[in-house]
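Scroll down for the structure; my scribbles are underneath it.
The values are calculated or read from the model by the stated rules, or taken from the named source; none is laboratory data. Please read all numbers here as calculations on a predicted model, not as lab measurements. Note that each Cβ is placed from the backbone with ideal geometry, even for glycine, and that neighbours are counted across all protein chains shown.
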Amino acid sequence: MAGDTFYKEIRAAGGAYKWHCDGAWRESTSGKTVGVSNPATRAREYEVQACTQAEVDEAFAAAKAAQKGWARTPLWQRAALLHKVAALMRDHAQPMADCLVKEIAKPSKDALSEVIRSADLIDYTAEEGLRALGEGALLTSDSFPGQTRNKLCLVSKVPLGVVLAIPPFNYPVNLAVSKLAPALMAGNAVVLKPPSQGVVAGSHMLQCFVKAGLPKGLVNMVTGKGSEIGDYLTGHPAVNCISFTGGDTGIAISRKAGMVPMQMELGGKDACIVCSDADIDLAAKAVLKGGFSYSGQRCTAVKLVLVVKEVADALAAKVAAGVEKLRVGMPEDDCDITPVVSESSANFIEGLVEDARQKGAKFLTPYRREGNLIWPTLLDHVTPEMRIAWEEPFGPVVPIMRVASADEAVAHCNANNLALQGCVFTRDINKAIAISDAMETGTVQINAAPARGPDHFPFQGFRDSGIGSQGIRNSLAMMVKTKSTVVNLDKDSYASG
Ligand SMILES: NC(=O)C1=CN([C@@H]2O[C@H](COP(=O)(O)OP(=O)(O)OC[C@H]3O[C@@H](n4cnc5c(N)ncnc54)[C@H](OP(=O)(O)O)[C@@H]3O)[C@@H](O)[C@H]2O)C=CC1
Ligand SMILES: O=C(O)[C@H](O)COP(=O)(O)O
């Protein structure tokens, strides 16, 4: 069970959380710290080290050195380590979940489920990696015209080297392990840059790796503001791969990064298309859960409802009735709607709402804000002239746009640069597939709200929503490269039966 001493070493005597390099939790030589404020109180909750560029260099050097031995570690031993990490995360889940409540105002139940979901992801990755990485291919030359079988090509999957993992604030544990677990299983080392809001939960998560017997230097965590050390990290010559989840920052990184493979999971404007033959109760429940879970701070949140006019009144009424029942308050009380992550985020959300008001949106619920706490806001009669028809609030605001047809809805979706997920509600499977085919987004959910989970499903964004694909198998695949070893024989080799 969780013992008080389990997490003790991650925090300095003065109270600031440490960074981690070459097997040790350390205080930075910068002598500076970065504050982590509690979104609910806006008071400083934690302090973390503000690492220097020299410490970033140390982290990469330690990773590079450790990766050499790790790449020669048998797959079953890599899997065994990951299983130990998962077990420790389960045993010591509550303190990590408590950090999520304080750092990012995640409702307490959701906070605990993020930790458990992360342990499950790690276990699944270990097993998937054993199978996927334990096999390669053998090609014979004679399948190509003019050749005989005197060349045998052994195709193997080799690690990339050092993966730079950068998760976002809203899933600082789950979207960290969704990078760490495949990276390690594939034989890589990792430099982790956790989000400033979520860094302490991330430190607790890393301690589970350390206590499980992580080889020193294999995962190094650099703490500090992305705006201060981020560019140095992503431009570092020792980076062999960047796995990033976040907003437009990822677009800037992809334009500056060197010749390295990238996995980018970026913003979304996930649309919910409701057809005239939809199950309106089902659609309303999906809009409620999809639009307001974790106060809309999910890249896969429902961020625009496109409903055909014939059923718009019925849908809007049902969703509005559901919004009335949402509990608004503090994450410790497990409320449905809790404060958004920062004042700047709340201000951005408010800007979108006021723009919609000025341009004639109808408020089905009153807009109300106290500090970072924004009451769930449902807007109707939204038009393309409004910013909220296109931009991602990342907050508890759901706009309803009434359309003449599903085709009009699809056209609106495809005109957005953001193309992560979408969903469609209809009782006609042929219509559903036709609409899914037409929607140019990474995922389309039929008769359910958008979601990344379960975590073994492929998860990717198109256009400005991402590069590459996540999901355990795809992450494993992108964190290796292919190597061919060709055996040239002095005579043909036709193995006989
Ligand atoms: N597609 C997906 O799966 C997801 C997408 N998102 C998107 O992310 C946004 C909200 O999350 P948020 O964390 O605020 O996103 P940000 O893009 O602001 O930050 C993401 C991560 O990048 C770091 N970072 C910031 N600047 C730099 C830099 N110059 N170089 C390297 N790293 C940097 C941040 O560190 P720091 O915190 O210190 O700034 C954080 O760890 C929304 O747009 C949301 O849609 C969020 C979750 C999932
Ligand atoms: O970061 C996010 O918002 C996640 O990718 C969403 O994951 P979920 O759909 O499983 O909540």
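Scanning segment 270-302 for residues being within 14 Å of Asp110 (Cβ to Cβ) and among the charged types (D, E, K, R) gives a total of 2. Could you figure out which of (1) part of a loop (DSSP other than H, G, I, E, B); (2) away from ligand 2 (no atom under 13 Å from the Cβ) isn't true of Ala451? Only one criterion is unmet by Ala451, namely (2).
Consider Ala346 carefully, then state whether it is surrounded by fewer than 24 Cβ atoms within 10 Å (Cβ to Cβ) and either assigned by TED's automatic domain parsing to the domain that holds Leu315 or free of Cβ contacts under 8 Å to residues at least 60 places away in the same chain (or both). Before the answer, list the steps.
Details: surrounded by fewer than 24 Cβ atoms within 10 Å (Cβ to Cβ): yes; either assigned by TED's automatic domain parsing to the domain that holds Leu315 or free of Cβ contacts under 8 Å to residues at least 60 places away in the same chain (or both): yes.
Yes.
When segment 349-370 is filtered for residues that are surrounded by fewer than 20 Cβ atoms within 10 Å (Cβ to Cβ) and either farther than 20 Å from Gly322 by Cα or of a type in the set (Gly, Ala, Ser) (or both), the ones remaining, listed by number, are Glu350, Gly351, Glu354, Asp355, Arg357, Gln358, Lys359, Gly360, Glu370. Please go through segment 293-334 and pick out each residue that is within 16 Å of ligand 1 (Cβ to nearest atom) and of a type in the set (A, V, I, L, M, F, W, C). Listed by number, the residues that qualify are Cys299, Ala301, Val302, Leu304.
Rundown of residues vs (1) aromatic (Phe, Trp, Tyr); (2) in a helix (DSSP H, G or I); (3) away from ligand 1 (no atom under 13 Å from the Cβ); (4) in contact with a strand residue (DSSP E or B) (Cβ under 6 Å, 6 or more places away or on another chain), yes/no style:
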position: Val410; (1), (2), (3), (4): no, yes, yes, no
position: Arg427; (1), (2), (3), (4): no, no, yes, no
position: Ile433; (1), (2), (3), (4): no, yes, yes, no
position: Asp437; (1), (2), (3), (4): no, yes, yes, no
position: Gln445; (1), (2), (3), (4): no, no, yes, yes
position: Ser475; (1), (2), (3), (4): no, yes, no, no
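Which one is nearest to ligand 2 (Cβ to nearest atom), of the residues in segment 247-259 that are assigned to a loop (DSSP other than H, G, I, E, B) and either among the acidic types (Asp, Glu) or over 27 Å from Val397 (Cα atoms) (or both)? Checking each candidate, the answer is Asp248.
The rows are residues; the columns are (1) under 22 Å from Thr482 (Cα atoms); (2) not in a helix (DSSP H, G or I).
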| residue | (1), (2) |
| --- | --- |
| Leu121 | no, no |
| Leu138 | yes, yes |
| Pro145 | no, yes |
| Lys179 | yes, no |
| Pro182 | yes, no |
| Ser196 | no, yes |
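For the criterion of being assigned by TED's automatic domain parsing to the domain that holds Gly471 and assigned to a helix (DSSP H, G or I), Phe244 fails.
Look through Ser496, Ser484 and report the one residue that is surrounded by fewer than 13 Cβ atoms within 10 Å (Cβ to Cβ) and outside any strand (DSSP E or B). Before the answer, list the steps.
On the way: Ser484 fails: outside any strand (DSSP E or B).
Of Ser496, Ser484, the one residue that is surrounded by fewer than 13 Cβ atoms within 10 Å (Cβ to Cβ) and outside any strand (DSSP E or B) is Ser496.
Considering (1) touching a strand residue (DSSP E or B) at 6+ places or on another chain (Cβ under 8 Å); (2) within 16 Å of ligand 2 (Cβ to nearest atom), the lone condition that Tyr294 does not fulfil carries the number (1).
Remark: Val163 falls outside the filter, which requires a residue to be in the same structural domain as Gly69 (by TED's automatic domain parsing), exposed (fewer than 15 other Cβ atoms within 10 Å of the Cβ) and in a strand (DSSP E or B).
Residues considered: Ala320, Ala286. Of these, the only one that is farther than 25 Å from Leu418 by Cβ, hydrophobic (A, V, I, L, M, F, W, C) and either free of Cβ contacts under 8 Å to residues at least 60 places away in the same chain or within 16 Å of ligand 2 (Cβ to nearest atom) (or both) is Ala320. Of all the residues in segment 181-214, those that are away from ligand 1 (no atom under 16 Å from the Cβ), farther than 13 Å from Val85 by Cα and of a type in the set (S, T, N, Q) number 1. Would it be correct to say that Val239 is surrounded by 18 or more Cβ atoms within 10 Å (Cβ to Cβ), within 15 Å of ligand 1 (Cβ to nearest atom), among the β-branched types (Val, Ile, Thr) and within 23 Å of Gly471 (Cβ to Cβ)? Yes; evaluated as a whole, the condition is true for this residue.
Step by step: first the residues of segment 260-279, then only those that are under 20 Å from Val397 (Cα atoms) and away from ligand 1 (no atom under 14 Å from the Cβ), then the one that is farthest from the chain's Cα centre (by Cα). Which residue is that?
Among those that are under 20 Å from Val397 (Cα atoms) and away from ligand 1 (no atom under 14 Å from the Cβ), it is Val274.
Does segment 12-36 hold any residues that are buried (at least 18 other Cβ atoms within 10 Å of the Cβ) and more than 25 Å from Lys64 (Cα to Cα), and which are they?
Ala16, Thr33, Val34, Val36
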